[in-house]
Amino acid sequence: MKKILVLIVALICLSSVAYGGVLDIFKKKGDNKSKKIKIAVIVKGTEHVYWQTVKKGVEDAASDLDVDYYFIAAPGGEPDINGQVDLVEAAIAQRVDGMVLAASDSNALVRPIKKAMKAGIPVVLIDSGVETDKYSSFIATNNIETSYKVGDALGKLLNGKGKVGVVNFQPGAGTAIEREQGFRNVMKEKYPGIELLETKYSYADKQKALSITEDLVTAHNDLDAIYAANEPTLVGVGRGIKEKGLKDKVLVAGFDSSDDVLKLLNEGIVKVTAVQMPYSMGYKGIKSVVKALKGEKIEKLVDSGAVIVTPENMSTPESQKALFPLKK
């Protein structure tokens, strides 16, 4: 049932049908007569391993709690901010019971979030924050604290000096802003001998990140490291360093995990990465919506946690649990 709903939504997004078509998702399955709770899960993308893991958490929670949901992202992915706003508006018009949202922009989603809450639809944010407190709960990695730790690890590897490129993924996204803020904070506070270059943006595209990496190492032959702020960016940067034969000359640090990141860790190209808990975000997101609808108390802010993983510690139980969250 739930897989069918997800498929219907995907087909809608891939076609030329207007977003208004989302309004009929539950009705097409006859669910308008069902008493089951119906939850819209609106995220930034569906292809990356990170979001697939979030989806698995959503699926398991929906099954455990016997609720219906659909899982969707704007056709243009994370950069398609207007598309995500339209999806939230469609969910409100559809009168879903609750919403789990990973906001692509910290400002653009404020108005529709407030509108949903005013309509009595609890909104639980996951992954990314917004510039308002008018939501039910926010479940995410503490990005500032975690990126601070990544920067600290890199600063130690560089012995407190050098030149570092910064490749972020999406201007205006709360997550992107925080991951850069924490990284820059630690360099300023603890490693003044490290020079940070002007931020470049990959728009969460591996090939774009690879091209940026090639440009950085060409323009700065004294480059010592690159910080990459999410999974596709980290993979693109890592591949760029590998292709240029710069392993151990230009260190790579970043955020997130995937099979591609694991390969780069094993090869010693990625020296440190922060591994988040996306499964937990998805599961707790659904659970929190259900609790809110039942009038139960839920925490306003929930730190979903993260583990700092390196080639040296990736075999430890803590790292293995973070790297393989779906492994039984």
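Please treat every number below as a calculation from the coordinates, not as lab data. Please read all numbers here as calculations on a predicted model, not as lab measurements. Cβ placement follows ideal geometry from the backbone for every residue including glycine, while neighbour counts extend to all protein chains displayed.
A few points about this structure:
- Each of Gly268, Val309, Ile42 was scored by the projection of its Cα onto the charge dipole of the chain, and the greatest displacement toward the positive side belongs to Ile42; charges sit on the C-beta of Lys, Arg, Asp and Glu.
- Rule-of-thumb Rg ratio for the chain [Cα; 2.2 N^0.38 Å; N residues]: 1.01
- For the pair the range 117-151 and the range 89-107, the centres of their Cα atoms are 14 angstrom apart.
- Here's the picture: a label point sits 7 Å out from the Cα of Asp259 along the beta-carbon direction, and within the range 200-222 the residues with their amide nitrogen under 20 Å of it are 205-207.
- Within the range 114-186: Cβ-based charge dipole about Cα centre, in debye rounded to nearest 20 (Lys, Arg +1; Asp, Glu -1): 120
- Estimated D of the range 205-290 in µm² per second, where Rh is the Kirkwood radius over Cα pairs and Stokes-Einstein applies at 25 °C, 0.890 mPa s: 182
- Axial C-alpha extent at least 15 Å, average Kyte-Doolittle at least 0.5 - helices from the chain (DSSP): 2-14, 81-94
- Peptides 149-161, 270-282, 118-130 ranked from most to least packed by the mean count of surrounding Cβ atoms within 10 Å: 270-282, 118-130, 149-161.
- Over the range 85-144, the ratio between the Cα radius of gyration and 2.2 N^0.38 Å evaluates to 1.02.
- Cα convex hull of the range 240-328 - mean projected area over all directions, nm²: 7.2
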